[in-house]
Amino acid sequence: MKILVINGSPKGKRSDTLHATTAFLDGMGAQAEFIDTMTADIHPCLGCFRCWNETPGRCVQHDGMEEIFKKYIDSDLVIWSTPLYCYGLPSNCKALMDRLLPLNRASMYTDADGHTHHHAAVGHFPETLLICGCGFPETENNIEGLRFQFSRMFGGRAAMFFCVEAPLFGLPGTEAVTAPYLDLVRAAGREYAATGALSADTVAALEKPMYPPELYRQGSKK
Ligand SMILES: Cc1cc2nc3c(=O)[nH]c(=O)nc-3n(C[C@H](O)[C@H](O)[C@H](O)COP(=O)(O)O)c2cc1C
């Protein structure tokens, strides 16, 4: 199975979220190729639609995204490993998402619910998994925008979970709370490898705070 990890953290290898992603891969018993969106030379989408109208399936820009696009469509599973920024994706990671526009064509259709979609321009789409690290101790009133974006972008192919209190991964002396959480993530990786999905119970367990929210908030005071 070819797995591509898109590391959306501007902190690169120092990403809090990567702790969860590495544990998940460990649970899956899988290797992956990692893309660092901060160093990958991904320019913003120009909005010219030439990938639809002039060079179908191909962006006119020549930068790091040429290689990443090929790797993306060649993957069986793409794991987006990213922090939550301003209730959405960090800009470097969002640039990569926008540059996936050549996956689709200009022509549109409506599904059974009357919602509009573009036709696909490629025959194969990888499975999608989002692992998102959040600084707040709760998902409610925090992650809904990104959850919606991934469901809409990747439809039934998107599994996801949000790690609240993710900064704990990067702090010394927090192993007593992070280690049991990372054990849960490894178990989730095993489940995903076996079933290709994450159950609602698994996602609910992964989205619980590692540390009592009140104490976590107090710890953030300077
Ligand atoms: C610009 C910026 C915006 C952020 N916005 C949110 C937010 O909307 N909700 C949240 O829970 N955390 C937010 N955070 C906190 C990060 O998600 C958190 O620090 C996370 O652990 C960083 O993960 P990383 O080390 O993998 O990059 C924000 C952090 C930054 C720097």
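Tabulated data for the structure shown
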quantity	calculated
At R0 = 30 Å, FRET efficiency that the Cβ-Cβ distance of M1 and C86 yields, to 0.05	0.35
Distance from region 167-222 to region 41-99 (C-alpha centre basis), Å	29
Order of H124, H43 under a 10 Å beta carbon neighbour criterion, fewest first	H124, H43
Fully extended contour minus Cα-Cα distance, from T39 to H62, at 0.36 nm per residue	6.8 nm
Listed residue pairs exceeding 21 Å between alpha carbons, taken from K11/K94; K13/K94; K71/K94; K2/K94; K11/K70; K70/K94	K2/K94; K11/K70
Inter-label distance for H119 and E140, nm, one decimal - labels placed 7 Å from Cα along Cα-to-Cβ	4.5
MRE, 222 nm, helices only [DSSP H, n ≥ 4, -39500 (n - 2.57), over the chain, to nearest 500]	-10500 deg cm²/dmol
Gained length - D76 relative to R190, 0.36 nm times residue gap less alpha-carbon distance	39.4 nm
Charge dipole (debye, nearest 20) of the chain; +1 at Cβ of Lys and Arg, -1 at Cβ of Asp and Glu	360
For V5, net neighbour charge (Lys/Arg +1, Asp/Glu -1) across residues whose Cβ lies under 10 Å away	-2
DSSP H segments from the chain that extend 20 Å or more along their own axis, Cα-based, with Kyte-Doolittle mean of -0.5 or above	175-195
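Readers should treat all values here as calculations from the given coordinates under stated rules, not as data from a laboratory. Please read all numbers here as calculations on a predicted model, not as lab measurements. When we count neighbours, we look across all protein chains shown, and the Cβ atoms used for this are built from the backbone with ideal geometry, even at glycine.
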